[in-house]
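First up is the structure itself, then whatever we jot down about it.
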Amino acid sequence: MGKQDLDLRALLDIPLWEAVQDQLAKLTNTAIITIDFKGNPITKHSCRTDFCSVIRENPVSRKRCFRCDALAGLEAVRLGRPYIYLCHCGIVDVAVPVSVGDRYLGAVMFGEVRIPNGDTGAKVERLVSEISSFNDKSGAARQDLLEMYERLPEMEYERIVAIADTINAIVQYIVDRALSRRSEAMSYEYLLHSGAELSGVQQAGMQELSTPVPEIEPAPSGGRTLAVPKTSPVYPALDYVDSHRRESVTMSDMARLCHLSPSYFSRLFCRELGENFITYVNRQKVQWAKEMLRGTNDSVSHIASELGFMDSSYFINVFKRFEGITPLAYRQHKY
């Protein structure tokens with residue numbers, strides 16, 4: 001599964017995150033909602049104010065709310081930090097971006113507050129040109145809306161910034177943990193398909209995670225160096241891995257490519273290569289990473305992305321497992 005398959009629903013346990021959202025909203029006295037990269041809500045609103053509830057009931061103003069959310073999320077990911085702004089109704093909202101590498105997945109939106117008039121340190125810009133006036137409301141309806149507006153909580157700009165930083169740290173932690181678990185699950189996916197037949201292979205694979213395997217001398221093949229001849233049943237898998245270095249391939253996908261069952265593919269791969277499939281792929285990616293570290297000035301995170309790692313910290317761990325040092329230390333050592 002590659003980056004193209006990532007979305008917030010794949011990374012977040014939505015019911016659990018909604019519970020966290022509710023608690024954060026109560027603690028910070030703000031309203032919170034999580035949106036996807038298009039601006040569509042993927043969670044319920046936590047502690048939405050009466051004012052915004054009424055505004056979002058109107059089809060015209062609701063569309064403006066969605067547009068503000070979408071534009072604010074894009075601006076936040078462009079800046080690489082939470083973005084504080086005035087919505088079309090003139091109240092303060094904040095977009096906390098959620099992204100993996102250069103891929104923007106969505107944002108956690110919070111706010112529905114007002115900044116006191118005397119707060120001279122506030123640096124908030126209006127996001128859209130459309131201004132939603134309450135003048136189209138008349139009589140008692142307009143008065144009710146104005147009263148709801150006056151009941152919006154006031155909050156100092158510095159506190160808004162502090163809340164934004166806190167939520168941003170929480171979001172980053174949750175995403176990093178989700179990516180780490182996702183990468184580990186993909187690495188061990190073959191065990192789920194193989195069952196009891198791979199108990200011996202499982203033990204060998206677990207040992208390989210802590211004990212480096214000696215380098216395998218590859219045999220030349222078609223101008224490239226692959227570890228088995230073209231006549232090998234697992235050759236298509238090795239060829240695919242070598243030709244699609246930016247992808248995060250799974251053993252089950254490669255078994256289908258070779259027209260083999262996952263369990264038989266795994267046993268055959270271990271027999272012909274001397275190591276399991278995941279260890280082989282990670283070893284190859286580390287070798288390619290070493291070439292890029294020596295031959296380019298690309299950042300570690302860029303190299304990780306180019307080699308199909310969804311999380312640079314996981315890439316660093318894999319690299320260190322094989323080389324004993326981090327990618328940055330390897331680059332410094334070589335130069």
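Throughout, read-outs are computed from the coordinates displayed, never taken from laboratory work. It should be emphasised that the depicted structure is a prediction, and the values quoted were computed from it without experimental measurement. Cβ coordinates were reconstructed from backbone atoms using ideal geometry, including for glycine residues, and neighbour counts include every protein chain displayed.
Brief remarks follow.
- Neighbour-count order for Arg62, Arg245, fewest beta carbons within 10 angstrom listed first: Arg62, Arg245
- Backbone phi angles across the stretch 27-37, fed through the Karplus curve with coefficients 6.51, -1.76 and 1.60 (θ = phi - 60°), yield HN-Hα couplings of 5, 9, 6, 10, 9, 9, 8, 10, 10, 8, 5 Hz in residue order; Gly and Pro are listed as x.
- Extension gain, Ile14 back to Arg256 (0.36 nm per residue minus Cα-Cα distance, nm): 83.9 nm
- Calculated FRET value between Arg48 and Ile325, using beta carbons and R₀ = 35 Å, to 0.05: 0.10
- Residues Asp7 and Glu150, FRET efficiency given R0 of 41 Å [Cβ-Cβ distance, rounded to 0.05]: 0.60
- Karplus (6.51, -1.76, 1.60) ³J(HN,Hα), θ = phi - 60°, over the stretch 275-292, in Hz, Gly and Pro reported as x: 7, 6, 4, 5, 4, 4, 4, 5, 5, 4, 5, 5, 5, 5, 4, 4, 4, 5
- Coupling constants for the stretch 297-306 follow from the phi torsions by the Karplus curve (6.51 cos²θ - 1.76 cosθ + 1.60, θ = phi - 60°), and in residue order they are 9, 4, 5, 4, 5, 5, 4, 4, 5, 5 Hz; glycine and proline get x.
- Nonlocal amide H pairs with Val98, under 5 Å, H built at 1.01 Å: Leu105, Gly106, Ala107, Val108
- Sequence-distant residues sharing a close amide H with Ala227 (under 5 Å, placed H): Ala219
- Under 5 Å between amide hydrogens, built in the peptide plane, is the criterion, and for Thr34 it picks out Ile42, Thr43, Met109 among residues at least 5 positions away or on other chains.
- If the Kirkwood radius is taken over C-alpha pairs of the stretch 3-181, then at 20 °C and 1.002 mPa s the Stokes-Einstein diffusion coefficient equals 129 µm²/s.
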